Amino acid sequence: MYARTAVTSTSYWMGEFLPSRENGESAISLYDRERHRPLAFRYGFDAGVVLLSYTALALWHLGYPDQALKRGNEALALAQTLSHPFNLAFADLPSCFSTFCVNIGATPFRWTVLGLRLGFLFAGSFRS
């Protein structure tokens, strides 16, 4: 699962959005929340949250904003059930990305509130 996460994120950062999306969707279908949840505390992130988030970002770049928003919302919903601060912050990335690009769904203020709630020191730099 975590190897698939590495392939998905690496493909994304290399600008290979189609392979990132395809691998992400395939890996998401294999994700089992109960089975993989304990690994979030070993590796520092939940594979489901990261896969959903990178898949959302890849979908955005491929020109599918509605599907990207759907996957991003799934990532956020999953992260909220895990009670793991990094996952919650990471899952908010796709919706904040769409906010910065087209001003839909949320505002940069959300990052400030989230950062303050989680105690992140950088939160003050995201004021709207």
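A few comments on the model shown:
- Of all residues in region 72-92, those satisfying the criterion of being of a type outside the set (A, V, I, L, M) and surrounded by fewer than 18 Cβ atoms within 10 Å (Cβ to Cβ) are Asn73, Gln80, Thr81, Ser83, Pro85, Phe86.
- Residue list for region 7-36, filter: among the charged types (D, E, K, R), under 18 Å from Tyr64 (Cβ atoms) and without any contact (Cβ under 8 Å) to a residue 40 or more places away in the chain: Glu16, Glu22, Glu25
We did not get these values from a lab; they are worked out from the coordinates using the rules stated. All values derive from a computational prediction rather than experimental measurement. Cβ: placed from backbone, ideal geometry, glycine included. Neighbour counts: every protein chain shown.
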